[in-house]
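Here's the structure we're looking at; comments come further down.
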Amino acid sequence: MKDTEKPKPKIAFFDFAGCEGCQLALLNCEDVVLDLLELVDIVEFREALSEKAHRYDISFIEGSINREEDAQRLRDIRARSKYVVALGACACMGNVQARSNFVAPAENFAVVYGEEARNRVQTDREYWPLWAHTRVRSVDEVVPVDYQLRGCPMIPEEFLSLVKSLLAGSIPFFPPKPVCVECKMNCNECVFDQGRTCMGQVTYAGCNAVCINNGYVCDGCRGLLPGANLDAHRQLLRESGLTDAQIESRYRLFCSQAETKHTGQ
């Protein structure tokens with residue numbers, strides 16, 4: 001390095017409870033990674049390298065926070081980071097695993113491992129090291145977050161745009177709009193007109209309506225849009241033939257934590 005060259009900003013990736021699909025989505029986009037490496041030094045990234053560092057300019061957090069030991073680790077990362085970004089649906093709103101907040105941990109354990117295992121847990125806590133599991137939390141329920149990069153997985157192009165903005169000292173602004181806007185831009189027929197149901201009316205856009213483009217529906221993985229009329233959307237789902245239990249299941253698939261924040265409950 002020449003004496004006049006400044007060291008590149010240091011960025012790091014950390015994973016908690018999740019599939020690590022957001023990190024894989026980034027690694028699968030070689031062009032984005034190459035652009036990124038021109039701007040920064042990646043100092044921690046378990047999916048790609050073994051190096052460690054003590055301080056970070058930007059820390060990307062993937063996964064939800066399910067245990068107190070994870071919350072303590074996250075607080076330590078926050079204390080050593082200039083910026084913290086929640087990366088993907090798990091970090092932003094708990095994602096699918098937040099559905100477990102509506103069921104007692106022992107009941108979840110019994111469903112997965114059987115009644116005999118649950119009985120053993122109740123008499124021998126050391127049998128289940130994860131007994132310390134608490135309520136599933138999004139990252140911003142534990143530490144301050146500078147930005148949320150939504151999606152399941154996140155969109156690599158949004159990721160690169162965010163990094164460039166943070167390095168320039170600003171926070172990117174994406175106007176909040178529903179997925180329906182992107183469906184219109186892609187000339188998609190509304191799934192409700194096809195006799196199906198969708199979460200697109202109340203969900204953050206930014207994915208280019210990728211699921212609808214490929215013949216599926218929106219399940220709401222990018223979270224609930226601020227100001228969305230959830231009561232009207234629920235009524236539309238009822239009029240489309242869904243029961244209240246089915247509607248609750250649709251909302252809880254990705255948005256159980258997001259709905260709590262949305263409504264202030």
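Taking the chain as a Gaussian network, Cα atoms linked when under 10 Å apart, which of 182, 44, 157 shows the biggest mean-square fluctuation?
Evaluated over the chain, the most mobile residue of the options is 157.
What's the magnitude of the charge dipole for the chain around its Cα centre, counting Lys and Arg as +1 and Asp and Glu as -1 at the beta-carbon? Answer in Debye, nearest 20.
560
If contacts are Cα pairs under 8 angstrom and at least 6 residues apart, what is the relative contact order of the chain in percent?
18
So what is the relative contact order for the range 163-216, in percent, with contacts set as C-alpha pairs under 8 Å and at least six apart?
On the way: 44 pairs, mean separation 22.1, N = 54.
Reported relative contact order: 41 percent.
Pulled fully out, how much extra length does the chain show between residue 158 and residue 28, if you take 0.36 nm times their separation in residues and subtract their Cα-Cα distance?
Extra length from residue 158 to residue 28 when fully extended: 45.3 nm.
Which aspartates and glutamates, on any chain, are close to residue 10 with Cα under 13 Å apart, when same-chain ones fewer than 8 places away are left out?
Within the straight-line cut-off, residue 10 pairs with 38, 41, 44, 51, 57.
Taking every pair of alpha-carbon atoms in the range 1-85, what share in percent sits in each 5 Å bin, from 0 to the bin with the longest distance?
Values per bin, smallest distances first: 3, 13, 22, 25, 19, 10, 5, 2, 1, 0.
Can you list residues from other chains, or at least 5 along the same chain, whose modelled amide H is less than 5 Å from the amide H of residue 223?
Residues meeting the amide H criterion: 204.
Per DSSP H run of at least 4 residues, take -39500 (n - 2.57); add these up for the chain, divide by its residues and hand me the 222 nm value, nearest 500 deg cm²/dmol.
Numbers: 12 runs with 104 residues, N = 265.
Calculated at 222 nm, the ellipticity per residue is -11000 deg cm²/dmol.
Which of rounded, prolate, oblate describes the range 179-263, given a ≥ b ≥ c as roots of the alpha-carbon gyration tensor eigenvalues and a/c under 1.5 marking rounded, otherwise prolate only if a/b is larger than b/c?
Oblate, since a/c reaches 1.5 and b/c is not below a/b.
Counting just the Cα atoms, what span does the range 134-220 cover along each of its three principal axes? Round to the nearest Å and put the largest first.
Computed over the range 134-220, the largest-to-smallest principal extents equal 44, 37, 18 Å.
Considering only 93, 185, 199, give the residue with the highest GNM mean-square fluctuation for the chain, with springs between Cα atoms whenever their separation is below 10 Å.
Comparing 93, 185, 199 in the GNM, the peak value goes to 185.
Output the relative contact order of the range 179-263, whole-number percent, from Cα pairs under 8 angstrom with separation of 6+ residues.
That works out to 28 percent.
Could you derive backbone 3J(HN,Hα) for the range 79-93 from the dihedral phi with the Karplus parameters 6.51, -1.76 and 1.60 (θ = phi - 60°), listing whole Hz in sequence and x where the residue is Gly or Pro?
My calculation for the range 79-93 gives 5, 9, 10, 6, 10, 10, 10, 7, 9, x, 4, 4, 6, 6, 8 Hz in order.
For residue 8, list the lysines whose Cα falls under 27 Å from its own Cα; do not include residues on the same chain fewer than 8 positions away.
By straight Cα distance, residue 8 reaches 52, 82, 164.
Over the chain, how many percent of alpha carbon pairs lie in each 5 Å bin up to the one with the longest distance?
Pair shares across the bins are 1, 5, 11, 15, 16, 15, 13, 10, 7, 4, 2, 1, 0, 0.
Just so you know, all these numbers are worked out from the coordinates, no wet-lab data involved. Note that the coordinates shown come from a computational prediction; the quantities given were computed from them, not determined experimentally. Note that we place each Cβ from the backbone using ideal geometry, even for glycine, and neighbour counts take in every protein chain shown.
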